[in-house]
Amino acid sequence: MKVLVTGGLGFIGSETVIALYKNGHEPVIVDNLSNSKIEVLDNIEKVSGKRPTFYKVDCCDYEGFKKVFEKEGKMDAVIHFAGLKAVGESTKKPVEYYTNNLLSSLVLVRLMKEFGMKNIIFSSSATVYGVPERVPLVETDPVGHATNPYGETKIMIERILQDAAKADSSLNVCLLRYFNPIGADPSGLLGEDPNGIPNNIMPYISQVAAGKLKTLHVFGNDYPTPDGTGVRDYIHVVDLAEGHVAALKKLATNPGVVIYNLGTGKGTSVFELIAAFEKATGIKIPYVIDPRRPGDVAENYANADKAFEELGWKAKLNVEDACRDSYRFQTTTASK
Ligand code: NAD
Ligand code: UD1
């Protein structure tokens with residue numbers, strides 16, 4: 001399939017481009033480089049041996065984005081990664097988050113309609129479940145209120161896409177709810193390179209290991225979990241990327257609206273993650289215990305059975321693989 005990939009130079013988008021090539025698809029990337037670098041395109045070429053067509057276009061810019069559709073002609077599907085994603089920042093800049101994430105999606109849906117494109121995969125998040133009443137989370141669990149504007153944009157875009165599909169039965173929508181994506185391409189050339197001090201734990205640990213940061217701060221050791229630290233479902237970005245390829249296959253069967261959790265189904269605590277990192281890299285991670293971070297929940301992990309049953313997809317890599325790959329990316333390619 002010829003696949004439009006918005007946000008295709010970002011962390012998950014770039015790895016998905018690799019997976020698309022591996023599976024014989026032809027990606028076309030649109031990205032405004034607001035949270036990525038153009039060098040990622042060279043690295044995609046180094047890893048895949050192919051250089052995707054790339055447009056530096058903002059998806060909120062209807063006229064600019066329309067030119068991509070005109071130039072590319074028939075495209076079979078779109079994977080919509082483009083969006084702002086920093087939870088903390090979204091509470092400080094809510095209007096920017098709502099504008100960018102909603103407008104880019106609305107412009108995209110409008111163009112899909114104008115150009116007769118029928119298939120969309122949307123990057124949603126486990127954040128749409130809000131504070132979970134129970135784990136593991138299943139796709140039928142209630143979607144209510146997220147704890148921050150970023151999460152609200154995911155809930156709203158899910159609704160917009162579902163309503164669009166209700167009004168047009170030929171539209172196929174796949175909502176993929178990611179749990180905690182970590183890891184990097186095994187080549188060390190593609191990965192997550194956040195600006196400033198990382199909010200998420202994996203880039204933080206990698207930067208401690210690489211000597212860029214001194215000490216990991218563990219946010220709480222008094223949760224009602226086996227070792228007192230927070231439990232999450234960490235999924236390797238290579239597995240996550242494959243999930244998109246599986247979802248494309250599903251869309252080709254004209255399923256209407258489908259929703260899948262993409263997680264491993266297994267919870268890992270902060271202490272277990274530190275231990276896995278130390279085992280994978282041989283580097284000791286110094287840490288201190290801090291108070292709980294506001295907004296964090298004790299446990300959050302997926303029931304990933306539906307994706308296995310309906311897409312034939314399941315995560316194959318483990319947290320140690322992800323730690324090894326994150327560290328490799330941190331020491332070879334990430335900003336020093
Ligand atoms: P990322 O920031 O690395 O990638 C997003 C890309 O979109 C960036 O390259 C950025 O430049 C681009 N972009 C942003 N706004 C744009 C616009 N208006 N027009 C064109 N390009 C634009 O993020 P990621 O981690 O790869 O996440 C990809 C998607 O998955 C996002 O929608 C994110 O919300 C979602 N998601 C991510 C996580 C995670 O932990 N990384 C978890 C759940 C969901
Ligand atoms: C966060 C977002 C979520 C987003 C996800 C992307 C919040 C409330 N949620 O999830 O919407 O989809 O990132 O991966 O921000 N931790 C530490 N020390 C650190 C950083 C984190 O101990 O320096 C702990 C946290 O308390 C948590 C776990 O590590 O138990 C994972 O945290 P993080 O990587 O930030 O992800 P989430 O908070 O699960």
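For segment 115-130, a residue qualifies if it is open to solvent by 30 Å² or more (accessible area, probe 1.4 Å) and of a type in the set (Phe, Trp, Tyr), and exactly one does: 115.
In the condition set (1) away from ligand 1 (no atom under 12 Å from the Cβ); (2) free of Cβ contacts under 8 Å to residues at least 24 places away in the same chain; (3) more than 23 Å from residue 307 (Cβ to Cβ), residue 188 is compliant with all but (2).
In summary, helices (runs of 4 or more DSSP H) completely within segment 10-75 and bearing 1 or more residues that are touching a residue at least 40 places away in the same chain (Cβ under 8 Å) and touching a Cys at 6+ places or on another chain (Cβ under 9 Å) occur at 62-72.
Which members of segment 67-93 meet the condition of being open to solvent by 70 Å² or more (accessible area, probe 1.4 Å) and in contact with an Asp or Glu (Cβ under 9 Å, 6 or more places away or on another chain)? Within segment 67-93, just 89 meets the criteria.
Within segment 213-224, take every residue that is assigned to a loop (DSSP other than H, G, I, E, B) and more than 17 Å from residue 278 (Cβ to Cβ) and give me the one that is least open to solvent (accessible area, probe 1.4 Å).
Once the filter is applied, the top-ranked residue is 220.
Within segment 26-46, how many residues are touching a helix residue (DSSP H, G or I) at 6+ places or on another chain (Cβ under 7 Å) and within 19 Å of residue 69 (Cβ to Cβ)? So the count comes out to 4.
Please tell me if residue 292 is over 30 Å from residue 166 (Cα atoms), of a type outside the set (A, V, I, L, M) and under 19 Å from the mean Cα position of the chain (by Cα). Criteria not met by residue 292. For the residues 39, 133, 96, 63, the requirement of being within 15 Å of ligand 1 (Cβ to nearest atom), open to solvent by 20 Å² or more (accessible area, probe 1.4 Å) and under 30 Å from residue 297 (Cβ atoms) singles out 96. Looking at segment 1-25, which of its residues are away from ligand 1 (no atom under 11 Å from the Cβ) and touching an Asp or Glu at 6+ places or on another chain (Cβ under 9 Å)? Selection gives 1, 2, 3, 4, 18, 19, 20, 22, 23, 25.
The values are calculated or read from the model by the stated rules, or taken from the named source; none is laboratory data. These numbers were taken from a predicted model, which means no experiment stands behind them. Cβ sites come from the backbone with ideal geometry, for glycine too, and all protein chains shown count toward neighbours. Side chains are part of the model used for accessible areas, which takes the heavy atoms of the whole protein and leaves out ligands, DNA and RNA. Shrake-Rupley method; radii C 1.70, N 1.55, O 1.52, S 1.80 Å.
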